[in-house]
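Visitor: This is the structure I have questions about; it appears just below.
The values are calculated or read from the model by the stated rules, or taken from the named source; none is laboratory data. Model, not experiment: these values are computed from the prediction. Each accessible area value is taken on the protein alone, full model and side chains, heavy atoms only, with ligands, DNA and RNA left out. Shrake-Rupley method; radii C 1.70, N 1.55, O 1.52, S 1.80 Å.
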Amino acid sequence: MRINCDLSIYGLGKLLLSIQSLREGNPGEFQLWSIQEAMDGIKRKGYAWAIAAGLNAAAAAIAAKFFSYPLVRYGLVVLFNVTMWGCYVQSLKALSSLQATVTNFATNFLSSGLAGFFLFQEMMSVQWLAGALLIVIGVIILSKSSIERKISID
């Protein structure tokens with residue numbers, strides 16, 4: 001049986017130490033924590049990819065408003081959208097589709113709103129701020145949920 005996971009060097013080293021101590025007949029708490037730490041690292045990396053996807057989606061919207069020359073505008077919109085999809089696909093490797101989608105959406109929504117306020121002097125209402133706060137709370141709740149990570153087993 002083989003498990004495919006994307007682990008950092010640190011996480012992989014701790015996992016290998018855990019496997020070695022299990023082989024030596026020394027099971028204990030260390031093994032469980034090192035595997036959990038490796039999985040947490042993978043999940044953090046998934047959230048980083050989802051946030052990067054949201055930021056790229058917002059950058060595409062900003063480029064569509066900010067640049068007046070059509071070739072530059074469309075080129076940047078395509079570039080940011082292609083990058084956004086690449087980041088989003090990477091986030092799906094570590095997170096559930098719900099967690100990746102909601103994190104991507106929330107980052108896009110918040111960064112687009114803040115860019116509108118700071119770059120284009122758009123007004124922010126109290127309702128927008130309340131909605132943004134509820135979205136952030138929802139993302140935090142989802143990130144703490146116990147949705148199992150997809151692991152492919154051969």
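Visitor: Whenever you get a sec, line up Trp128, Trp49, Trp85 from highest to lowest accessible area (probe 1.4 Å, protein heavy atoms).
Guide: Trp85, Trp49, Trp128
Visitor: Ignoring everything but the protein chains, give the 1.4 Å probe accessible area of Tyr47 in square angstrom, nearest 10.
Guide: 40 Å²
Visitor: Further question: Skip the ligands, DNA and RNA, and give the accessible area per residue of segment 70-136 with a 1.4 Å probe, whole Å².
Guide: Details: 4040 Å² over 67 residues.
Computed with neighbouring chains in place, this is 60 Å² per residue.
Visitor: Rg (Å, one decimal) plus Dmax (Å, integer) for the alpha carbons of segment 69-145?
Guide: 14.9, 45
Visitor: How would Phe66, Phe109 line up by accessible area, probe 1.4 Å, largest first?
Guide: So the residues, ranked largest to smallest area, are Phe66, Phe109.
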